[in-house]
């Protein structure tokens, strides 16, 4: 009997975003700084000097050390800035299992970033 192929579906917006306010209030359009390929669910910070976003970096001193939102679509800014990025920036609930963190981030740094998101009204929930 031939084996059937197995398909694995990646995460989608419904896996990440569990609640957002009406009329797109929770969302902001952002410019993603060049040199990055970011996945849906990436936690991002804002570079103070340029107002562009990049993956949150707890060791940075350019503003991106503070979590400012969560990408709600994948963005390839490897070769140039992308001004069509979308983040959830306020009044929302996201699933913890769908968040994408930078390599090497510690548990304490994640907790700090989650607290920063909570201050924006973005609640991170387990098992949703």
Exercise. Highest GNM mean-square fluctuation, the chain, Cα pairs closer than 10 Å: which of 14, 45, 85?
Worked result: 14
Seminar exercise, completed: Summing -39500 (n - 2.57) over every DSSP H run of at least 4 in the chain, dividing by its residue total and rounding to the nearest 500, the 222 nm mean residue ellipticity is -3500 deg cm²/dmol
For this session: Would you mind checking the radius of gyration and Dmax of the range 1-54 based on alpha-carbon positions, in Å?
Result: 17.2, 62
Exercise. Among (1) 62, 34, 33; (2) 39, 34, 31; (3) 78, 43, 19, which is the computed Cα extents along the principal axes in Å?
Worked result: (1)
Problem set entry | Cα-based equivalent ellipsoid, the range 79-128: semi-axes from gyration tensor eigenvalues, Å | 20, 16, 11
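No lab work stands behind these numbers, since they all come straight from the coordinates. Everything numeric in this text was worked out from a predicted model, so none of it was measured.
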